[in-house]
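Contents: one structure, followed by commentary.
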Amino acid sequence: MKYKPPKFKTLDEMASIDVGRLTENQARSILEGIRWPNGIACPHCGSVKVKRIEAKSEKVRDGVIQCNDCKGQFTVTVGTVMEDSHITLRQWVQGFYSMCSHKKGVSALQLQRNLGLHSYRSAWFMAHRIRLAMREGPLAQKLKGTVEVDETYVGGKPRRGWVIPGEKPPEHRGRATLKTPVLALVERDGRVKSEPIENVDGDTLKGAIRDQVDKSSTIMTDENSCYDGIGGEFEGGHRTVLHRIKEWTFHGASINQAESYFALLKRGVHGTFHHVSKQHLHRYCDEFSFRWDYRKVKDGERTVQAIRGMEGKRLMYHPKQLALSLKHA
């Protein structure tokens, strides 16, 4: 017989009470209802003929479901970013809600304190798995309409007199900096796609525009010569604003929304995380892009969208790599 998940209040309704007071069963109901809105399906074979196994002894955990076709057993965490985690479902729901409701992000230390996690490592790894859930899939639609494109540099400033062995002291901003370049493509009043890039050159920038933007769009950038020639490939052409003469908008052409996105990203890096390593910067870009895309909805609805992205994604834990990452994250 097809199992129907129990009814539950929306996250917005629960937030009006206190998300921190969720029980484990309530959290499980929320996750099952979001992942399987039309009834539970086996993550192993896809069958909807399932039954819930009652936890009558210590050998059976709460929430275990068995498929009547393949006989496989699973819970709501199997096949998601939460798989093989000792963190409770209540803490997972609270973690998703916290990261979706803080406009400039929430640090792993703050998550550890708020959720009562035993270690910083658990909170740090949990936050990265939630960021993976926030990441768009490979089949995400391209940006359309008016698309603003800009690049910035993210990272810490070298100390005065500090020099990397074998390299000249950093003396310039922009391309000469040791920071990591980040590209953002912002759909006017819509979505954003951002990611770290290796080089700020014409091939890289124009290649990203071709991959992420629909051909019917209009491209808007600053006067960076690396974008020259891209207008002929799009129906709306290419328009620019001249920042060197303090021109921020000209007859509708501007990149103000792209710069607004960068302002949030940098405020998060400087004010919340303090330092983000190049190795993990792309995950932070995913997090801020997700919140930008869903900036016009309530925190609860944004959280539901993030939880829906948890399925089919895994982020494995490698102790040696994580120890190295923690030192710089």
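Residues in region 158-194 that are in a loop (DSSP other than H, G, I, E, B) and under 25 Å from the mean Cα position of the chain (by Cα) were compared, and the one that is modelled with the lowest pLDDT is 178.
Taking into account only those residues within region 87-114 that are of a type in the set (Lys, Arg) and assigned to a loop (DSSP other than H, G, I, E, B), which is farthest from residue 25 (Cα to Cα)? Looking at residues that are of a type in the set (Lys, Arg) and assigned to a loop (DSSP other than H, G, I, E, B), I get 104. Listed by first and then second residue, the pairs with beta-carbon distance under 7 Å, at least 6 apart or on different chains, first residue in region 245-262 and over 22 Å from residue 193 (Cβ atoms), second among the aliphatic types (A, V, I, L, M) and surrounded by 17 or more Cβ atoms within 10 Å (Cβ to Cβ), are 247/241; 248/241; 249/241; 250/241. Scanning region 18-51 for residues that are modelled with pLDDT under 90, part of a loop (DSSP other than H, G, I, E, B) and within 25 Å of the chain's Cα centre (by Cα) turns up 18, 22. Inspect region 285-295 for any residue being loosely packed, with under 15 Cβ neighbours inside 10 Å and of a type outside the set (A, V, I, L, M) and give the result as yes or no. Yes, region 285-295 contains at least one residue that is loosely packed, with under 15 Cβ neighbours inside 10 Å and of a type outside the set (A, V, I, L, M).
Are any residues in region 118-136 buried (at least 21 other Cβ atoms within 10 Å of the Cβ) and aliphatic (A, V, I, L, M), and if so, which ones? Scanning region 118-136 gives 123, 126, 127, 130, 133, 134. Give me the residue from region 58-84 that is of a type in the set (Gly, Ala, Ser) and either over 18 Å from residue 48 (Cβ atoms) or surrounded by fewer than 19 Cβ atoms within 10 Å (Cβ to Cβ) (or both) and, out of that set, nearest to the chain's Cα centre (by Cα). So the residue we want is 79. Quick check on region 208-221. Is at least one of its residues closer than 17 Å to residue 182 by Cα, hydroxyl-bearing (Ser, Thr, Tyr), in contact with a strand residue (DSSP E or B) (Cβ under 7 Å, 6 or more places away or on another chain) and in a helix (DSSP H, G or I)? No, because not a single residue in region 208-221 is closer than 17 Å to residue 182 by Cα, hydroxyl-bearing (Ser, Thr, Tyr), in contact with a strand residue (DSSP E or B) (Cβ under 7 Å, 6 or more places away or on another chain) and in a helix (DSSP H, G or I). Scan region 59-77 for residues that are assigned to a loop (DSSP other than H, G, I, E, B) and under 17 Å from residue 29 (Cβ atoms) and the total you get is 7.
In region 241-259, is there at least one residue being crowded, with 19+ Cβ neighbours inside 10 Å, hydroxyl-bearing (Ser, Thr, Tyr) and touching a strand residue (DSSP E or B) at 6+ places or on another chain (Cβ under 8 Å)? Yes: region 241-259 contains one or more residues that are crowded, with 19+ Cβ neighbours inside 10 Å, hydroxyl-bearing (Ser, Thr, Tyr) and touching a strand residue (DSSP E or B) at 6+ places or on another chain (Cβ under 8 Å). Can you say whether residue 139 is outside any loop (DSSP other than H, G, I, E, B), surrounded by fewer than 19 Cβ atoms within 10 Å (Cβ to Cβ) and either charged (D, E, K, R) or without any contact (Cβ under 8 Å) to a residue 60 or more places away in the chain (or both), as far as the supplied structure shows? It is false that residue 139 is outside any loop (DSSP other than H, G, I, E, B), surrounded by fewer than 19 Cβ atoms within 10 Å (Cβ to Cβ) and either charged (D, E, K, R) or without any contact (Cβ under 8 Å) to a residue 60 or more places away in the chain (or both).
The values are calculated or read from the model by the stated rules, or taken from the named source; none is laboratory data. Worth saying up front: this structure is predicted, and the values here are computed from it rather than measured. Cβ: placed from backbone, ideal geometry, glycine included. Neighbour counts: every protein chain shown.
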